[in-house]
Amino acid sequence: MALEQIDGAADNPFPFDIATAAPARLRRIFRSGAYRGTTANMANGYTQGNLAILPASHALDFARFCQRNPKPCPMVGVSDTGDPMIRTLGEDIDIRSDIPSYNIYRDGVLEGSRADIKEYWRDDSVAFVLGCSFSFEEALSQGGIPLRHMEIERTVPMYKTSIELVRSGPFGGGMVVSMRPMSMEEAIRASVITARFPHTHGMPVHIGDPSAIGIGDLDAPDWGEPTEFRGAEVPVFWACGVTPQNAIREAGIPLVLTHTPGSMLITDISSTVS
């Protein structure tokens with residue numbers, strides 16, 4: 001059920017500071033297949049994106065789904081049909097190879113993961129890039145908000161919820177959220193900071209009691225890894241880019257290609273808004 005996360009394929013593929021590296025430099029390494037892990041804390045200042053590649057016959061319904069559910073599905077880029085180069089998001093971006101790791105789904109079932117998907121790309125493929133919380137996490141860190149999953153070197157926990165999405169064609173279901181523990185004061189400040197990033201999920205969708213949004217056990221995330229709570233911290237939930245992956249999988253489309261959770265497209269677009 002869970003989307004697979006693949007560990008780094010090389011011990012040290014980055015002989016430079018990944019936080020300040022240019023996106024194109026990182027994408028060249030991803031394209032080589034030397035690294036297949038998370039893109040967290042890479043190319044700070046640039047927007048990272050979730051990926052969903054569908055056949056053109058489902059693209060309009062999926063675009064409507066994203067437009068109707070902008071919190072979990074903030075669309076930042078779309079390819080032309082059959083063209084893997086997404087020029088609106090940067091120079092020389094080949095969506096088939098410039099993400100560290102991809103998942104392949106057939107009829108809603110995870111077939112496996114690959115370092116590139118050139119053999120799966122078709123003349124009718126359409127790629128959607130959706131905003132990712134990695135971009136606002138940089139702003140939270142700069143604002144003095146602690147991020148526990150980074151501190152303890154884990155993948156942020158993600159959960160299915162009872163928050164229903166607005167359906168479009170075969171796409172619907174419940175929202176997926178990511179969670180970060182914070183003090184209530186930090187949660188309020190985090191809400192103000194992330195409100196400035198509507199293209200990367202914006203402010204939280206819920207703070208506090210997880211059962212109010214259908215989450216039974218914070219120690220059993222549907223994706224990612226459980227985190228730690230300290231003192232009087234409360235869970236803070238943001239809409240998550242795994243939402244469209246979950247909706248796509250449940251739609252049972254014959255072939256869908258996505259990123260593996262944590263392995264994002266790093267674009268040349270600034271993550272800040274004016």
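General observations
- Farthest towards the positive end of the charge dipole of the chain, among the residues GLN67, SER263, GLY252, is the Cα of GLN67, using unit charges on the Cβ of Lys, Arg, Asp and Glu.
- The simple spin-label model puts a point 7 Å past each Cα toward its Cβ; for ARG230 and ASP123 those points are separated by 5.8 nm.
- Cleavage-rule hits (GluC sites (Glu not before Pro)) in region 175-274: DSSP loop, at most 12 neighbouring Cβ within 10 angstrom: GLU228
- Across the chain, Cα pairs under 8 Å and at least six residues apart give a relative contact order of 31 percent.
- Inter-part distance, region 19-41 to region 111-157, computed on C-alpha centroids, equals 12 Å.
- Rg followed by Dmax, in Å, when the chain is reduced to its Cα trace: 17.4, 54
- Placing unit charges on the Cβ atoms only, positive for Lys and Arg and negative for Asp and Glu, gives region 194-246 a dipole magnitude near 340 debye about its Cα centre.
- Farthest positive-ward along region 42-196 dipole, Cα basis, beta-carbon charges - from GLY49, PRO100, SER178: SER178
- For region 25-173, a/c is not less than 1.5, where a ≥ b ≥ c are the root eigenvalues of the C-alpha gyration tensor, and a/b does not top b/c. That puts it in the oblate class.
- One decimal place: the segment ASP217-ARG64 gains 51.9 nm when fully extended, by the rule 0.36 nm per residue minus the C-alpha distance.
- For region 142-274, accessible area per residue (1.4 Å probe, heavy atoms of protein chains only), Å²: 39
- When the GluC sites (Glu not before Pro) in region 23-120 are filtered for DSSP coil states and for at most 11 other beta-carbon atoms within 10 Å of their beta-carbon, the remaining sites are GLU91, GLU119.
- Sorted largest first by accessible area at a 1.4 angstrom probe radius, with every protein chain in place, the residues TYR102, TYR35, TYR46 fall in the order TYR46, TYR35, TYR102.
The values are calculated or read from the model by the stated rules, or taken from the named source; none is laboratory data. Nothing here was measured: the structure is a model prediction, and the numbers come from that model. Backbone-built Cβ (ideal geometry, glycine too); neighbour counts: all protein chains shown. Protein only, heavy atoms only, side chains kept; ligands, DNA and RNA dropped before computing areas. Shrake-Rupley method; radii C 1.70, N 1.55, O 1.52, S 1.80 Å.
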